[in-house]
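Following: one structure in structure tokens, then a few remarks.
Throughout, read-outs are computed from the coordinates displayed, never taken from laboratory work. Computed from a predicted structure; not experimentally measured. Please note: Cβ atoms are built from the backbone with ideal geometry, for glycine as well, and neighbour counts cover all protein chains shown.
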Amino acid sequence: MGRVKSKSVWHLWNRKDSPYWWVWRYDSKDPKKRIRRPTTKRKADYTKEQMQKIINTVQGIVRDYKAIDYSIDWFEDYIMRKLKLEDRSKSLQDEYKAAINYLRLIYGDHYSILNIGREAIDRIKEKMLECGRKRKTINNYLTVFRAAFERLLIDEKIDKNPFYRFPRMKIDNTEKKHLKLSELKDFLDFVKQNIDENTWRIIRIYAGTGRRRNEILFLKHDDVDLIKGIYRPRNIKSHDKHRITRSIPDDVIEDFAYFINKNRNATYPFKFCYEDTLTRKVTALFKKAGYPTLTLHSLRHTYLTILREKGIAIRDAQLIIDHSRISTTEGYLHESVMDSPNIGI
């Protein structure tokens with residue numbers, strides 16, 4: 001007569017390509033379709049007889065299987081919880097969320113990450129290129145995926161990391177990444193004529209200090225001392241964990257005073273708009289000025305190149321710019337005709 005097809009009972013499945021025990025049952029809506037899901041029990045820890053006892057109890061199924069389905073939704077919740085426990089920055093959390101969102105676009109919300117293999121690398125590259133992402137950004141996201149799956153591997157949630165090694169996309173190094181001194185002066189004049197005063201002054205500050213975006217926007221009143229001419233950059237990501245005081249360049253001290261005096265009651269006097277809004281504004285200005293490959297971060301490249309053209313040692317430049325690795329500082333350097341560290345703004 002054959003086996004009776006049950007529509008509600010879960011059956012044990014020893015899936016050979018997985019370190020976990022799986023269960024399956026027939027779909028109540030489509031009896032010809034099987035629903036397969038992984039459990040949280042590893043084959044190395046539970047025998048077949050032990051697993052059979054677990055899946056024979058309804059409570060065991062709900063606890064061991066439905067609550068943790070290893071879906072992409074679960075993956076995001078798990079990683080976000082880890083980052084919050086480690087007190088990681090919100091910008092890093094947003095970067096992980098943005099990366100995981102591409103998994104959703106490719107596989108959907110309920111796809112099991114246990115089924116994600118090496119083919120995901122090529123699929124993610126193709127999807128990001130379709131969405132207009134730059135090759136450097138794609139490489140950064142793949143690095144994020146490698147770190148995220150490595151967390152699961154350490155916690156023994158998965159058996160291997162599908163992103164443990166991936167071929168990086170080739171980047172066109174001929175793209176313009178910085179401005180020459182004369183170009184910087186012309187660009188600042190262009191900005192002054194085409195944008196509001198707040199944006200013009202904040203661009204001057206970035207060009208004069210070489211700081212990252214959030215290190216300026218999230219300065220508080222206590223972080224700036226106009227009398228002594230010093231400030232303490234916020235949210236430094238590298239070796240400078242104790243927020244070493246920096247001197248305010250003479251060329252931009254007037255711009256620092258402008259924001260401090262104008263926004264006396266604001267918690268963040270330099271944050272006159274959202275971070276992403278500022279980035280889009282500056283990128284649009286560069287395009288209008290004839291520099292389509294430059295962004296707000298390009299002012300940081302420009303500043304570091306000015307330091308090196310003056311003859312400042314690479315190690316000293318690394319400390320000034322706050323890079324954790326000297327190789328990163330070397331990658332910022334470009335050929336330039338600039339002959340002075342004073343940007344003349």
Original post:
Dipole of the stretch 181-332, Cα-centred, from +1 at each Lys and Arg C-beta and -1 at each Asp and Glu C-beta, to the nearest 20 debye?
Top reply: 420 debye
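Distance cut-off 28 Å, Cα to Cα: go down the list K125/K287; K43/K90; K97/K134; K192/K271 and report the pairs above it. Mind dumping the intermediate values first?
Values: K125/K287 26 Å; K43/K90 37 Å; K97/K134 18 Å; K192/K271 19 Å.
Beyond 28 Å: K43/K90.
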**OP:** For R15, enumerate residues with amide H under 5 Å from its amide H, sequence gap 5+ or separate chain, H modeled in the peptide plane.
**Re:** W22
Original post:
Expressed as a whole percent, how much of the Cα-Cα distance distribution for the stretch 72-154 exceeds 16 Å?
Top reply: 49 percent
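Would you work out the Kirkwood radius for the stretch 181-332? I mean one over the mean of 1/r across all pairs of different Cα atoms, in Å.
Roughly 16.0 Å, rounded to one decimal.
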Subject >> Residue of K29, K127, K16 that the Gaussian network model of the chain assigns the largest fluctuation, springs spanning Cα pairs under 10 Å >> reply: K29
**OP:** Find which of V224, H323, I253 sits farthest along the positive direction of the dipole of the stretch 181-332, computed with +1 on the beta-carbon of Lys and Arg, -1 on that of Asp and Glu, about the Cα centre.
**Re:** H323
Subject >> Of the DSSP H helices in the chain, those whose Cα atoms cover at least 15 Å axially and whose Kyte score averages -1.0 or more >> reply: 72-85, 90-107, 119-130, 135-154, 181-194, 197-209, 275-288, 298-310
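With charges set only on the Cβ (+1 for Lys and Arg, -1 for Asp and Glu), what does the dipole of the chain come to about its Cα centre, in debye to the nearest 20? Walk me through the numbers on the way to the answer.
Working: 71 positive and 47 negative charges, 389 e Å.
Here the size comes out at about 1860 debye.
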Original post:
Which Cα, out of T40, I202, I113, lies furthest along the positive dipole direction of the chain (beta carbon charges, K/R +1, D/E -1)?
Top reply: T40
Original post:
Taking N as the number of residues in the chain, what value does Rg over Cα atoms divided by 2.2 N^0.38 Å take?
Top reply: 1.32
Original post:
How much length is gained if the chain between I35 and I227 is pulled fully straight, taking 0.36 nm per residue apart and subtracting their Cα-Cα distance, in nm to one decimal?
Top reply: 62.2 nm
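Suppose every Lys and Arg Cβ carries +1 and every Asp and Glu Cβ carries -1, with no other charges. What dipole size does the stretch 72-154 come out with about its Cα centre, to the nearest 20 debye? Please report the intermediate quantities before stating the final value.
Numbers: 17 positive and 13 negative charges, 68 e Å.
Roughly 320 debye, rounded to the nearest 20.
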